[in-house]
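Remarks on the structure that follows.
The values are calculated or read from the model by the stated rules, or taken from the named source; none is laboratory data. All of these numbers come straight from a predicted model, not from anything done at the bench. Quick reminder, even Gly has a Cβ in these numbers, built from the backbone with ideal geometry, and neighbours come from all protein chains shown.
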Amino acid sequence: MELSAAPGVLATIPLAGRLVTGDALYCQRELCQQIIQAGGQYLVIVKTNQPRLHADIALLFAEPPPGEVFATAQHRDRHGDRREVRRLWASGALQPYLDWPGARLVCKIERETIWKGKRTRQARLAVTSLDDTTTTPADLLRRIRGHWRIENRLHYVRDTAFAEDASQVRTGSAPQVMAALRNAVIGLLRRAGCPNIAAALRANAWRPDAALSLLGIDPA
């Protein structure tokens with residue numbers, strides 16, 4: 001979803017009692033305010049496109065005030081020979097000071113991956129209107145993992161397998177139509193049990209009869 005389209009899309013959704021998650025592109029003051037005013041909650045990743053907000057959160061976790069104790073959660077996972085550990089630290093210490101609509105908790109999320117003897121770490125910051133009376137650090141970590149799962153299974157696939165970001169289709173409603181078609185193809189292939197979308201696209205490119213069968217059409 002393009003950033004310019006986000007306010008219009010949110011206006012069509014009943015947000016009351018719902019949580020909206022987003023990556024750093026959607027960490028925008030107006031969007032967060034819109035969600036709060038509609039009775040919803042938000043949880044968004046914070047990067048340097050919001051320099052003051054990012055700096056305030058980063059400073060808290062780099063140099064916590066005396067006596068500050070972060071609420072924490074951890075999740076371990078394994079995929080074949082790849083092991084992952086996700087850790088989350090949360091704090092409400094900035095709530096009285098942050099100049100951000102509805103901000104209650106800030107988070108630091110770290111993902112540590114060990115694969116083929118190589119260890120990598122990646123850290124992200126986040127802000128949410130949820131507070132510690134309605135959610136726990138484990139809840140926050142689960143919801144962030146759920147957001148990234150959508151990102152990895154859909155948006156990442158659209159970019160890598162379909163080269164969506166490099167598309168020159170930009171006129172009128174054509175980009176939205178193409179996005180819908182890509183989503184439909186991904187859905188069909190996943191329903192057919194294809195674990196690798198890029199490999200499935202290559203296989204079906206050589207076998208148009210197989211592609212038709214995915215649509216329930218008998219090529220004979």
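Can you confirm whether Q122 is modelled with pLDDT of 70 or more, in contact with a strand residue (DSSP E or B) (Cβ under 9 Å, 6 or more places away or on another chain) and not in a helix (DSSP H, G or I)? Spelling it out, Q122 is indeed modelled with pLDDT of 70 or more, in contact with a strand residue (DSSP E or B) (Cβ under 9 Å, 6 or more places away or on another chain) and not in a helix (DSSP H, G or I). Residues in the range 41-63 that are in contact (Cβ under 8 Å) with a residue 12 or more places away in the chain and either under 18 Å from the mean Cα position of the chain (by Cα) or more than 30 Å from R18 (Cβ to Cβ) (or both): Q41, Y42, L43, V44, I45, V46, K47, N49, Q50, H54. Outside the structural domain of L59 (by TED's automatic domain parsing) and over 17 Å from L53 (Cα atoms), is that true of R111? Here the answer is no, as R111 does not meet what is asked.
This table checks each residue for (1) closer than 14 Å to P101 by Cβ; (2) in contact with a Cys (Cβ under 7 Å, 6 or more places away or on another chain); (3) not assigned by TED's automatic domain parsing to the domain that holds L125.
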residue: V20; (1), (2), (3): yes, no, no
residue: Q28; (1), (2), (3): yes, no, no
residue: L31; (1), (2), (3): yes, no, no
residue: I36; (1), (2), (3): yes, no, no
residue: L43; (1), (2), (3): yes, no, no
residue: V46; (1), (2), (3): yes, yes, no
residue: Q50; (1), (2), (3): yes, yes, no
residue: A55; (1), (2), (3): no, no, no
residue: A58; (1), (2), (3): no, no, no
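Within the range 32-57, being in a loop (DSSP other than H, G, I, E, B) and either charged (D, E, K, R) or in contact with a strand residue (DSSP E or B) (Cβ under 8 Å, 6 or more places away or on another chain) (or both) holds for G40, K47.
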